Ligand code: AQP
């Protein structure tokens with residue numbers, strides 16, 4: 001039996017943070033033992049919002065460095081940037097013609113990102129979920145590890161796969177595929193921290209685009225910056241509870257305990273048994289030490305890799321060549337199924 005295929009991606013939009021790490025990148029690593037993994041730097045998604053071209057190039061290399069520093073092995077897995085494999089954009093166009101306007105109108109991420117000035121948002125930002133569906137399905141991936149914020153886009157990916165399979169059922173069967181052409185890809189959202197929240201507001205997710213740098217721990221922050229951000233993280237006036245039940249209705253406290261749990265691998269009950277009833281400052285000192293200890297080696301490795309951009313570019317070129325072999329075969333099938341001459 002062949003191993004199941006995993007695909008996931010991270011946007012090179014700067015400020016890679018602890019949420020990206022715990023919700024996604026950290027979870028990519030062990031999947032290499034059980035799945036064929038394809039990890040992408042989704043640069044075409046990044047340009048749905050204007051990016052400074054020099055900064056974009058740097059950020060593409062930085063996400064790649066984060067992948068490698070976290071433990072993704074570019075020999076075992078395929079590591080590449082999306083724009084080097086043209087089939088992503090090609091399949092996205094076909095999906096633009098499969099997905100329905102009504103489906104995209106329901107996407108909450110577009111509403112949040114476009115805000116009040118919707119008329120001025122790029123068409124790309126609106127069609128983003130169709131490109132994401134193409135990213136996944138151009139490899140006919142079985143599963144996608146993502147943070148909770150991507151759940152709705154994964155559901156749309158399944159809707160697109162299902163509609164494509166229905167719309168072209170006869171052609172797909174004629175090609176010998178009895179269960180439809182595209183799989184109904186599973187989201188892998190589990191993990192100790194599927195939604196890391198802002199350090200300034202426990203009801204908002206930690207995000208690259210938050211104007212306050214104190215809202216997030218960046219993967220490139222040094223020890224002083226991490227310690228300062230944890231110390232200044234918003235909390236409420238009550239001491240930490242001794243049991244999990246007591247975290248209800250206290251989003252900031254819950255978020256810090258979740259981060260502690262995800263970084264240490266300890267369960268929340270044990271953490272609260274140790275720190276419950278004590279001052280927040282004692283817990284925050286322990287959390288800062290833990291965060292520095294967990295993230296500093298990765299930041300150091302990222303700096304080392306970033307000092308050799310040609311080395312990173314070679315990894316991406318090799319990965320793109322391997323990704324294209326899979327994607328071009330799927331795209332050829334799609335053209336046959338849809339009735340396009342090739
Ligand atoms: N706060 C988070 N907690 C857990 N997982 C998260 N992810 C993002 N934020 C959190 C997961 O990280 C992966 C890569 O995300 P992305 O860079 O492709 O896009 P994003 O979700 O738009 O990231 P940001 O930080 O929230 O960027 P902005 O500010 O531009 O919106 C995904 O698997 C995502 O779920």
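The values are calculated or read from the model by the stated rules, or taken from the named source; none is laboratory data. Everything quoted here is computed from the prediction, not taken from an experiment. Backbone-built Cβ (ideal geometry, glycine too); neighbour counts: all protein chains shown.
Things to note:
- Looking across 3, 99, one residue alone is touching a residue at least 40 places away in the same chain (Cβ under 8 Å), within 21 Å of residue 183 (Cβ to Cβ) and assigned to a loop (DSSP other than H, G, I, E, B). It is 99.
- Flag for residue 30 being at pLDDT 95 or above, part of a helix (DSSP H, G or I) and closer than 20 Å to residue 295 by Cα: yes
- The number of residues in segment 276-288 being without any contact (Cβ under 8 Å) to a residue 60 or more places away in the chain and in a helix (DSSP H, G or I) comes to 8.
- Filtered residue count, segment 144-157, keeping only those that are within 13 Å of the ligand (Cβ to nearest atom) and surrounded by fewer than 20 Cβ atoms within 10 Å (Cβ to Cβ): 4
- Residue list for segment 6-19, restricted to those being more than 7 Å from the ligand (Cβ to nearest atom) and assigned to a loop (DSSP other than H, G, I, E, B): 12, 14, 15, 16
- Screening 296, 291, 273, 262 for residues that are surrounded by fewer than 20 Cβ atoms within 10 Å (Cβ to Cβ) and modelled with pLDDT of 95 or more leaves exactly one candidate, 273.
- Filtered residues of segment 131-143 (kept if in a helix (DSSP H, G or I) and buried (at least 24 other Cβ atoms within 10 Å of the Cβ)): 132, 133, 134, 135, 136, 137
- Residues that are assigned to a loop (DSSP other than H, G, I, E, B) and either touching a helix residue (DSSP H, G or I) at 6+ places or on another chain (Cβ under 6 Å) or within 11 Å of the ligand (Cβ to nearest atom) (or both) within segment 220-240 comprise 220, 234, 235, 240, listed in sequence order.
- Among all positions in segment 210-218, there is at least one residue which is under 30 Å from residue 11 (Cα atoms), at pLDDT below 95 and either within 16 Å of the ligand (Cβ to nearest atom) or surrounded by fewer than 18 Cβ atoms within 10 Å (Cβ to Cβ) (or both).
- Residue match in segment 56-74 (condition: in contact with a strand residue (DSSP E or B) (Cβ under 8 Å, 6 or more places away or on another chain) and more than 27 Å from residue 197 (Cα to Cα)): no
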